[in-house]
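*Asks:* Sharing a structure with you now.
The values are calculated or read from the model by the stated rules, or taken from the named source; none is laboratory data. Computed from a predicted model, the values in this text were never measured in an experiment. Cβ atoms come from the backbone with ideal geometry, glycine included; neighbour counts cover every protein chain shown. Note: areas computed on protein heavy atoms with side chains; ligands, DNA, RNA excluded. Shrake-Rupley method; radii C 1.70, N 1.55, O 1.52, S 1.80 Å.
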Amino acid sequence: MAGMSDLRQHLRLMTRPSWERTRFGARTTRRRRSGAARRIGGCAALVLTVLFGYTASQRRAAFEEPRAIIKEAADRYGVDEALIAAVIEAESQFNPRAVSRRGAQGLMQLMPRTAASLGVGDPFSPRENIDGGVRHLRALMDRFDNNVPLALAAYNAGHVAVIQHRGIPPY
């Protein structure tokens, strides 16, 4: 039992922004990781989130708003609600205004070209972003024969990278 509580505490701390990780609220100083290490860490967090079901348990208030949208999209496109919530948690931590360093936007972190190809007019609208992101995820799952790890890798790194590496890319 002690191991599970330690794991929960670790996950709770790791999902907080860096400035909340110390007891007194001071920003922590961390050694900068290389770009490859950051990408591997991000992919690992996504896989762990999906595999172990750590969706938005610590952020229930933020999760309440998109819950109905996630359910609608899950029913419409035949994708598991927990998988959608896990992708949103890993990609944006349920922040509809999130923008990555690479320019991905919204809850499901859609790149502008991907959003435009999916017909998403406002990537910061939770409804449009989730609908477009789930359509994209469903298309990737269809392309990779419902292989969830490959579909998630393609969602993160792009389907071309998964095809070129014949599996999950090393980055």
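*Asks:* With +1 assigned to the C-beta of every Lys and Arg and -1 to the C-beta of every Asp and Glu, and no other charges, what is the dipole magnitude of the range 87-171 about the Cα centre in debye, to the nearest 20?
*Replies:* 220
*Asks:* So, one more: What whole-number volume per residue, in cubic angstrom, does the convex hull of the C-alpha atoms of the range 94-140 give?
*Replies:* Working: hull volume 3.0 nm³, N = 47.
Cα-based convex hull of the range 94-140, divided per residue, equals 64 Å³.
*Asks:* Using the heavy atoms of the protein chains alone and a 1.4 angstrom probe, what is the accessible area of the range 67-171 per residue in square angstrom? All intermediate terms of the calculation are to be shown ahead of the outcome.
*Replies:* Values: 5300 Å² over 105 residues.
Here the residues of the range 67-171 average 51 Å² of exposed surface.
*Asks:* How high is the relative contact order of the range 100-171? Use alpha-carbon pairs under 8 Å, at least six apart in sequence, and give a whole percent.
*Replies:* 18
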